[in-house]
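The values are calculated or read from the model by the stated rules, or taken from the named source; none is laboratory data. The structure displayed is predicted, hence computed values, not measured ones. Heads up, the Cβs are rebuilt from the backbone with ideal geometry, glycines too, and the neighbour counts pull from every protein chain shown.
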Amino acid sequence: MVSEEWLSKQFEGIVKNSGFSIIFKSHNESPDFILSHKGRKIGAELKVGTSPKSLSIAIGQLLFGKVAFNLDDLWLVLPDVRNPLLSISKEWFSVMISCNIKLLSIQDNILVEMKNDMLKPSRRAKSINNYLNMLL
């Protein structure tokens, strides 16, 4: 498993090379990064795990950041999710879509936006759907 420090360094290098400006960077506050690109402010939260607890925290941190920093876009950035230990369910993906959060993965030194057809169903669908209903 990768460390959050490694993930942060990888992400920072990728966004700088892609023409994004880093406005804010923190490991103790949310979101982890605030970026600027073509007049839009983007909040990025980095997580090394995909447990329900980790995903719940990330969603909360991003939604807080959207309001607190008037962000236009929200990104949840994960290490390479092709690793079976980092799988994410379609149900969690649906929660992120409903909250306007883009799910990105660092793969081969680039950011790849995850799509619904790349994910698999979860046995925890009922609890995740209950969580989604609480948000709405």
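Conditions tested, residue by residue: (1) at pLDDT below 85; (2) polar (S, T, N, Q); (3) closer than 17 Å to S54 by Cβ; (4) touching a helix residue (DSSP H, G or I) at 6+ places or on another chain (Cβ under 7 Å).
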position	(1), (2), (3), (4)
L78	no, no, yes, yes
C99	no, no, yes, yes
L103	no, no, yes, yes
I110	no, no, no, yes
S122	yes, yes, yes, yes
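Looking at this structure, is S8 within 15 Å of L111 (Cα to Cα) and in contact (Cβ under 8 Å) with a residue 60 or more places away in the chain?
no
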I14 being within 15 Å of K102 (Cα to Cα), of a type in the set (V, I, T) and either surrounded by 14 or more Cβ atoms within 10 Å (Cβ to Cβ) or under 13 Å from the mean Cα position of the chain (by Cα) (or both)
no
Going through segment 49-83 in order, the residues found to be more than 19 Å from S18 (Cβ to Cβ), touching a strand residue (DSSP E or B) at 6+ places or on another chain (Cβ under 8 Å) and surrounded by fewer than 17 Cβ atoms within 10 Å (Cβ to Cβ) are F69, N70, R82
What are the pairs, 6+ residues apart or on separate chains, where a residue within segment 37-59 that is on the phi < 0 side of the Ramachandran plot and part of a strand (DSSP E or B) has its Cβ under 6 Å from a residue that is surrounded by 14 or more Cβ atoms within 10 Å (Cβ to Cβ) and of a type in the set (V, I, T)?
G43/I34; A44/V77; L46/V77
